[in-house]
Amino acid sequence: MDTHDTGYQADLMDIAAEKYKAGRLSRRGFLTAMGALGLVPMLGNRSAYAQASEIVVCNWGGAAEEILKNILGKAFEEETGIPVRVDGAGPSPGKIRAMVESGAVVWDVCDSGAGSAIVMNGAGVIQDIDYSIVDKTKVLDGTALPFGVGNYVFSYAMAWNPTMLPDGAPKTWEDVWNVQDFPGMRTFRKSVRGQLEMAAQAMGVAKEDVYAFLDDEGIKAAIAKFRELRDNIIVWGSGSDSQNLFLQGEVAMGNIYSSRSFLLKDQMEPGSFAMTFDGAVLQPGIWVVPKGNPAGAETAMRFIASAQDPQLQANWFEAIGNGPINPAAASLLPAALAQWNPNDPANVVKQVIYSDEWYGKNQVSAEELYIDALIG
Amino acid sequence: MPHIPEKLRYWMLIIPALAVMIIFYIFPVLNIWGISITEPSVGIENYERMFASNAVKVSFVLTFRIAAITTVACLILGYVVAYTISNLAGRVRPLMLGLVLLPFWVSVLIRSFAWIVLLGRSGLVNDGLMATGIISQPLRLMHNELGVLIAMVHVMLPFAVLPMLTNMRGISGSYIQAARGLGASEWRAFREVYFPQTLPGVMSGGLLVFVLSLGFYVTPALLGGGRVMMISEYITYQIQEFLNWGLGAALSVVLLMATAVVLLIASRFVNLKTTFLERR
Amino acid sequence: MTPSALRIFFGTGSWIILAFLVLPILVVIPVSLTDTSFIGLPKDHLSLQHYDTFVHSTKWLFASWTSIWIGCVVAVVATGLGTLFCIGVWFLSDRAAMIVRWIMIVPILVPPVVQSLGFYKFWVTLGLIDSYLGVILAHVLLGLPYVTISVFASLSNMDRRLPLAARNLGASIGMTIRTVIIPAIRPGMISGGIFAFIVSFDEIVSVLFLTVRRVETLPKMIWEGIQESVDPVIAVVASIFVLITLIATSLAALRRS
């Protein structure tokens, strides 16, 4: 993603309106074309894909399960007549590989991440995206990977509990590393993704220079920074983990998904939760399709394409705080919620943009060092 | 009916269970060795990576340390209980025995959950201590090694008590009485006459707890806060998150061999047959 | 006679330790009765709302039922296989018999994660991933050691001369087993079966490796519940577990005395 080009951000709103129309049009146009080809029978659009009796989308559970069903699921069912079932079991690479290897695949489309998608592609358990069905122009630049495509945008962002920090809240990552003035437990992810960037910033590196700083030497320095803080860290494994840590008052601050912050702001007592996009890491979520998915590749691709609709993307954000991957959705968002949108131009400028290139090169070795720094 | 030798008839009773065990258990477990030298490519790179990794080293040290502390704690606490049940309990003996056995039947998962409820920052222990004014700041009881140890001792304690009980049941009270009759103090009679006789039971309980602790997964994973990563959790993590089967398998082989070495060393001091084959 | 210091130390010490063993487990009961939507002690009054959620949740009920029937199948199969095995070994009573007895208890010694990894790879080849058969087979293997230990203990207590006499009188092996041995070792078989049931009913690690979505057992639901949410329904499930255990142990204790 090259969204740190400021021109891009300034243009976002303008382009959005056009793209929005384009998006609507192309979907309607697509359906018309289908009808013309005789693929859509007279009675509604039903049974166009008669072979698939349902499609199963897997995400990470909790509130996200219902919401995905009610928004993306309902729209797809209305469009195609294929019911959408949402499974909140958490499509970890391990589970997807287990399914594919055993030939007992029950998921059609899975909510994954760039890092995991790379891992799964390496193991050969996911399908390539069919970009004749999925529209490359309806996702942020750089999120249309060969083996996965962006579904929403989220951030690794700083969150804290003001009631546990009566003497003042942290403002920068430097503050998060300052245990003297900001006491309390911190939470960071169990995996290195979106974490070293924070340590680099805590060392005074500007957000634009984070990945340039994180060469071999820089990684070592960032890891050392975590080693220094580790007695004050509880790590989270899944998004719901991080949510629980805040809900139960186990941590005073931490680096968690912005989508979880979006939920926590309503779940916690007023005044006991806050977050900022300052110094956060912005990255895309990725749809992947397991090899041999039960509804067939085409149906899965159609679902992904359907979910690209800007209005759906906007609704989805409103419900759960996933930033729209389709830039055209920006203008459809309620102004009051814009501050929670990781992909809002005003927020994008505050953030580090996740570098696929850096992760492709360094993830494996950094992961090892990161775990080493945290345990023991 | 053709004549079948007597021995063969007996083997026919043994074979079904044995075959199932060898085909579906022994073979797959030995096969892990194969995975460790073939994934992702043929060679010993997984072992090289493993031995070069500081994280693996730290995790192994942590695993052995936690297993050792758990064992010692279980033996001390377990001894007190076993001694009381065997020698002092009298009428309440069945009750005490029942209380030792009760947690045995409740799943490890439920017991770990109970500890999460108790030890959390806003858990019942901290709430109680704060309400009574003993502490003003919540203590860190969970998401660290302390939490893992408390819950592990809780899970493992019955495993330490039972072998000691079996052993103490077989100790005649007459030696102690003789020692006391000869003028030894109660403490001295215990230390010099009774205690040495209970050592086989202590060893046996200790070995059981140590071996089970080495491979423990559930409790450390739930209470360790991700930072107390024992080797079993490390293996699972490598496999579930990174599909790193080769490294996971290599780690498994080493864990398995470590367990075997522990048993081998222990066999010089402990009667393995009574510890494992004739348990309970 | 006044109790000595040693006695006081051991006596009070063991009650404290027993309290440490039992009280933490009982804590789930008040928590399950909470009137709040998060895990904690009841605030204003006791409430059965979370029990209500449990009995109306098809997911929890289905998982409970799955665990129960899998446990029963495992208990029957493991007890059957294990009992025949023990009888054969007991008749043989030679060195080879001793070795196969050791082979049977290997699952107790191998760390759960390691064996699950082995299962996984083999089950993939057999196409047993995420199937009931796959879970049952794994649990039978994990239950067999307990059955053999328990049944063999019963056999060792049996008078060796009885079955030999029956054999000498011309009874076939099958008849001897049915009429002489089985009745004598029934208690061992029953406790072995109960052990196998409990092993299966509580087992989590291999289920985590071997199932993805089609098979949902109760421990798996609890595991996911603990990691995913702070829903007091888990406390309800835990309380039901604990209450059943309490009742069963007291009944067993009453019967014994």
Quiz item: Got a sec? Which of A:A169, A:A221 is more than 14 Å from every other protein chain (Cβ to nearest Cβ), of a type outside the set (D, E) and not in a loop (DSSP other than H, G, I, E, B)?
Solution: A:A221
Quiz item: Does C:L81 satisfy being within 24 Å of B:L207 (Cα to Cα), at the interface with chain B (Cβ under 8 Å from one of its Cβ atoms), assigned to a helix (DSSP H, G or I) and at pLDDT 95 or above?
Solution: no
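Every residue, every condition in (1) at pLDDT 95 or above; (2) farther than 15 Å from B:S252 by Cα, yes or no:
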position: B:E6; (1), (2): no, yes
position: B:Y10; (1), (2): no, yes
position: B:F24; (1), (2): yes, yes
position: B:R49; (1), (2): no, no
position: B:T70; (1), (2): yes, yes
position: B:G78; (1), (2): yes, yes
Quiz item: Any idea which residue in the range C:85-99 is farthest from the chain's Cα centre (by Cα), counting only those that are surrounded by fewer than 24 Cβ atoms within 10 Å (Cβ to Cβ) and in contact (Cβ under 8 Å) with a residue 12 or more places away in the chain?
Solution: C:W90
Exercise. Considering only residues that are buried (at least 19 other Cβ atoms within 10 Å of the Cβ) and among the aliphatic types (A, V, I, L, M), look in the range C:234-257 and name the one that is farthest from the other protein chains (Cβ to nearest Cβ).
Key: C:V236
Quiz item: Only one residue in C:A196, C:A235, C:A248 is more than 24 Å from C:V55 (Cβ to Cβ) and not charged (D, E, K, R). Which one?
Solution: C:A196
Quiz item: In the range A:242-259, is there at least one residue being in a strand (DSSP E or B) and surrounded by fewer than 24 Cβ atoms within 10 Å (Cβ to Cβ)?
Solution: no
Quiz item: Which residues, counting only those in the range B:40-58, are farther than 11 Å from A:E368 by Cα and not in a helix (DSSP H, G or I)?
Solution: B:P40, B:S41, B:V42, B:G43, B:I44
Quiz item: Between residues in the range C:1-30 that are more than 7 Å from chain B (Cβ to nearest Cβ) and under 30 Å from C:S239 (Cβ atoms) and residues that are among the β-branched types (V, I, T) and in a helix (DSSP H, G or I), which pairs lie under 8 Å by C-beta distance while being six or more apart or on different chains?
Solution: C:L26/C:V242; C:I29/C:V242
Quiz item: among the aromatic types (F, W, Y), in a helix (DSSP H, G or I) and closer than 30 Å to A:R189 by Cβ, is that true of B:Y237?
Solution: yes
Quiz item: For the range A:117-143, what are the residues that are surrounded by fewer than 17 Cβ atoms within 10 Å (Cβ to Cβ), within 14 Å of chain B (Cβ to nearest Cβ) and at negative phi?
Solution: A:G122
Practice problem: Could you look through the range B:253-280, keep only residues that are among the basic types (K, R) and closer than 16 Å to B:L165 by Cα, and pick out the one that is surrounded by the fewest Cβ atoms within 10 Å (Cβ to Cβ)? | Solution: B:R280
Quiz prompt | Filtered residue count, the range C:120-178, keeping only those that are part of a helix (DSSP H, G or I), surrounded by fewer than 19 Cβ atoms within 10 Å (Cβ to Cβ) and either among the hydroxyl-bearing types (S, T, Y) or in contact (Cβ under 8 Å) with a residue 60 or more places away in the chain (or both) | solution = 3
Practice problem: Restrict the check to the range C:196-205 and report whether at least one residue is within 9 Å of another protein chain (Cβ to nearest Cβ) and more than 16 Å from B:F104 (Cβ to Cβ). | Solution: yes
Quiz item: Residues of the range C:43-69 being in a helix (DSSP H, G or I), within 14 Å of chain B (Cβ to nearest Cβ) and of a type outside the set (S, T, N, Q), which ones?
Solution: C:H50, C:A63, C:I68
Quiz item: Quick one: would you say C:S57 is touching a residue at least 60 places away in the same chain (Cβ under 8 Å), touching a His at 6+ places or on another chain (Cβ under 9 Å) and over 21 Å from B:L75 (Cα atoms)?
Solution: no
Quiz item: Given (1) more than 7 Å from chain C (Cβ to nearest Cβ); (2) under 30 Å from B:I176 (Cβ atoms); (3) buried (at least 18 other Cβ atoms within 10 Å of the Cβ), where does B:V92 come up short, assuming only one miss?
Solution: (3)
Quiz item: In the range A:229-259, which residues are among the polar types (S, T, N, Q) and without any contact (Cβ under 8 Å) to a residue 40 or more places away in the chain?
Solution: A:N244, A:Q248
Quiz item: What do you reckon, is B:S204 within 11 Å of chain C (Cβ to nearest Cβ) and in a helix (DSSP H, G or I)?
Solution: no
Practice problem: Taking B:L247 as meeting all but one of (1) modelled with pLDDT of 95 or more; (2) buried (at least 24 other Cβ atoms within 10 Å of the Cβ); (3) within 30 Å of A:P91 (Cα to Cα), write down the number of the exception. | Solution: (1)
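Okay, residues lined up against (1) within 14 Å of B:N87 (Cβ to Cβ); (2) in a helix (DSSP H, G or I); (3) in contact with a Cys (Cβ under 9 Å, 6 or more places away or on another chain); (4) within 14 Å of chain A (Cβ to nearest Cβ):
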| residue | (1), (2), (3), (4) |
| --- | --- |
| B:V117 | no, yes, no, yes |
| B:S136 | no, no, no, yes |
| B:L139 | no, no, no, yes |
| B:M142 | no, no, no, yes |
| B:G147 | no, yes, no, yes |
| B:P163 | no, yes, no, no |
| B:I176 | yes, yes, no, no |
Quiz item: Any idea how many residues of the range A:248-280 are among the hydrophobic types (A, V, I, L, M, F, W, C) and either more than 14 Å from chain B (Cβ to nearest Cβ) or within 19 Å of C:W223 (Cβ to Cβ) (or both)?
Solution: 8
Quiz prompt | Filter result for the condition that a residue is part of a helix (DSSP H, G or I), within 9 Å of another protein chain (Cβ to nearest Cβ) and farther than 29 Å from B:G206 by Cα, over C:G40, C:G88 | solution = C:G88
Self-check item: Among (1) facing chain B (nearest Cβ under 9 Å); (2) outside any helix (DSSP H, G or I); (3) among the hydrophobic types (A, V, I, L, M, F, W, C), the one test that C:V215 misses
Solution: (1)
Quiz item: Which residue pairs have Cβ atoms under 6 Å apart, sit 6 or more places apart or on different chains, and have a first residue in the range A:80-104 that is on the phi > 0 side of the Ramachandran plot and a second that is of a type in the set (A, V, I, L, M, F, W, C)?
Solution: A:G90/A:W60
Quiz item: Out of all the residues in the range B:52-67, which are closer than 18 Å to B:T259 by Cα, among the hydrophobic types (A, V, I, L, M, F, W, C) and within 7 Å of chain A (Cβ to nearest Cβ)?
Solution: B:V58, B:L62
Quiz item: If you check A:V57, A:V40, which single one turns out to be modelled with pLDDT of 90 or more and not basic (K, R)?
Solution: A:V57
Quiz prompt | Failed item, numbered, when B:V209 is tested on (1) farther than 21 Å from A:S238 by Cα; (2) of a type in the set (A, V, I, L, M, F, W, C); (3) surrounded by 24 or more Cβ atoms within 10 Å (Cβ to Cβ); (4) within 9 Å of chain C (Cβ to nearest Cβ) | solution = (4)
Exercise. Answer yes or no: is there a residue in the range A:80-98 that is surrounded by fewer than 23 Cβ atoms within 10 Å (Cβ to Cβ), in a helix (DSSP H, G or I) and more than 10 Å from chain C (Cβ to nearest Cβ).
Key: no
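The values are calculated or read from the model by the stated rules, or taken from the named source; none is laboratory data. This one's a predicted model, so the numbers in the text were calculated from it and none came from an experiment. Backbone-built Cβ (ideal geometry, glycine too); neighbour counts: all protein chains shown.
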